[in-house]
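Chemist: A single structure is presented below for examination.
The values are calculated or read from the model by the stated rules, or taken from the named source; none is laboratory data. These figures come from a predicted structure and were not determined experimentally. Every residue, glycine as well, gets a Cβ built from its backbone with ideal geometry; the counts of neighbours run over all protein chains shown. Each accessible area value is taken on the protein alone, full model and side chains, heavy atoms only, with ligands, DNA and RNA left out. Shrake-Rupley method; radii C 1.70, N 1.55, O 1.52, S 1.80 Å.
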Amino acid sequence: CKEINKMKKKVLIVDDAMLMRLMLRDILEEHGFEVVGEADDADQAFELYKETNPDLVTMDITLTSSSGIDAISKILSYDRDARIIVISALEQRKVVMEALRLGAKDFIIKPFEEERVLSSARDVLCYS
């Protein structure tokens, strides 16, 4: 869709692993997204969501002191139109399904490929 190119889309990255956050930041910024924040737990993610009002959130399921499910619940209760992509390992399948039931828009399995991250981000921003 054309709206993506008109304005830089703001992204909040939530993952307990700094390396994953760094990889996602590099992929997204290289393709014109603006990373407005990074968090490693649900409370921090929720606070940053309220502060930065991102267009998109990438959410890991395993966080430092909480779960991505907690963060998804908090964010969606605050903004039911939040666009969240879950990025998680395959063994978390049950939890990923729970996240989708709560309202996450898509999921990406770790280890992820750059093109999968970008296509998911574009699809979620265009069609939800």
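Chemist: Looking at (1) more than 13 Å from the chain's Cα centre (by Cα); (2) among the charged types (D, E, K, R); (3) within 23 Å of Ser119 (Cβ to Cβ), find the lone condition where Lys74 falls short.
Modeler: The single condition Lys74 does not satisfy is (3).
Chemist: Sticking with this one: Given the residues Leu22, Leu90, Leu76, which is the only one that is farther than 20 Å from Lys8 by Cβ and free of Cβ contacts under 8 Å to residues at least 24 places away in the same chain? Before the answer, list the steps.
Modeler: Working: Leu22 fails: farther than 20 Å from Lys8 by Cβ; Leu76 fails: free of Cβ contacts under 8 Å to residues at least 24 places away in the same chain.
Of the residues listed, the single one that is farther than 20 Å from Lys8 by Cβ and free of Cβ contacts under 8 Å to residues at least 24 places away in the same chain is Leu90.
Chemist: Out of the stretch 103-113, which residues are part of a loop (DSSP other than H, G, I, E, B) and among the hydrophobic types (A, V, I, L, M, F, W, C)? Explain how you work it out, then say what you get.
Modeler: Filtering the stretch 103-113 down to residues part of a loop (DSSP other than H, G, I, E, B) leaves 103-105, 111-113.
Listed by number, the residues that qualify are Ala104, Phe112.
Chemist: Here's a follow-up. Scan the stretch 100-109 residue by residue and report those that are under 13 Å from the mean Cα position of the chain (by Cα) and on the phi < 0 side of the Ramachandran plot. Lay out the reasoning, then the answer.
Modeler: Step one: filter the stretch 100-109 for residues under 13 Å from the mean Cα position of the chain (by Cα), giving 100, 103-109.
Hits for the stretch 100-109 are Leu100, Ala104, Lys105, Asp106, Phe107, Ile108, Ile109.
Chemist: Let me ask something else about it. Restricting the search to the stretch 104-128, which residues are open to solvent by less than 70 Å² (accessible area, probe 1.4 Å), over 24 Å from Lys74 (Cα atoms), touching a residue at least 12 places away in the same chain (Cβ under 8 Å) and not aromatic (Phe, Trp, Tyr)?
Modeler: Answer for the stretch 104-128, where residues must be open to solvent by less than 70 Å² (accessible area, probe 1.4 Å), over 24 Å from Lys74 (Cα atoms), touching a residue at least 12 places away in the same chain (Cβ under 8 Å) and not aromatic (Phe, Trp, Tyr): just Leu118.
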